[in-house]
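Trainee: Below is the structure I would like to discuss, written out as structure tokens.
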Amino acid sequence: MATTYFAIYFLIWWLTLFAVLPWGVRSQEESGDIVPGSDPGAPMAHRLGRKLIWTTLVACVVFAIFYVVYTADLLPYEFLMRISGPPQR
């Protein structure tokens with residue numbers, strides 16, 4: 001079961017990374033310091049370390065919410081199967 005939780009956390013972390021990547025990005029053109037030979041839209045400073053920390057924090061919160069909802073059975077399995085299956089006729 002721990003492997004499943006780790007896999008779910010990793011998926012949440014990976015999706016969160018792509019949501020966090022554009023946070024606070026300033027292009028070279030916006031900052032007025034364009035490096036010769038580079039694209040003016042390239043980021044001035046990517047600050048990847050901060051983004052990895054924010055990604056981890058946000059992913060932990062999202063995973064905690066998922067874990068509580070799942071373990072407390074707030075969304076029953078039958079309900080999830082009913083809304084994700086083909087429409088009933």
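Nothing in this text is a laboratory measurement; each read-out follows from the coordinates by a stated rule. All values reported here derive from a predicted model rather than from experimental measurement. When we count neighbours, we look across all protein chains shown, and the Cβ atoms used for this are built from the backbone with ideal geometry, even at glycine.
Trainee: With θ taken as phi - 60° and the coefficients 6.51, -1.76 and 1.60, list the Karplus ³J(HN,Hα) couplings across segment 55-71 in order, rounded to whole Hz; mark glycine and proline as x.
Mentor: Once θ is set to phi - 60°, the couplings for segment 55-71 become 4, 5, 5, 5, 5, 5, 5, 5, 5, 4, 4, 4, 4, 5, 4, 6, 6 Hz.
Trainee: Ranking SER31, SER84 by Cβ neighbours within 10 Å, fewest first, what do you get?
Mentor: Exposure proxy ranking, most exposed first: SER84, SER31.
Trainee: Then there's this: Which ³J(HN,Hα) values, rounded to whole Hz and listed in residue order, are derived for segment 81-86 from phi using the Karplus coefficients 6.51, -1.76 and 1.60 in 6.51 cos²θ - 1.76 cosθ + 1.60 with θ = phi - 60°, glycine and proline given as x?
Mentor: For segment 81-86, the Karplus curve yields 5, 5, 7, 9, x, x Hz.
Trainee: Can you list the HN-Hα couplings for segment 5-10, worked out from phi with the Karplus curve (6.51, -1.76, 1.60; θ = phi - 60°), rounded to whole Hz and with x for Gly and Pro?
Mentor: Coupling constants for segment 5-10: 4, 5, 5, 5, 4, 4 Hz.
Trainee: So I have [x] 15, 28, 24, 16, 12, 5, 0; [y] 19, 57, 23, 1; [z] 14, 37, 32, 15, 1, and one of them is P(r) over Cα pairs in 10 Å bins from 0, in percent calculated from this model. Which one is it?
Mentor: Label of the calculated value: [x].
Trainee: With a 10 Å radius around each residue's Cβ, average the other Cβ atoms per peptide and rank 49-55, 70-76, 21-27, highest first.
Mentor: For the peptides 49-55, 70-76, 21-27, the packing ranking is 49-55, 21-27, 70-76.
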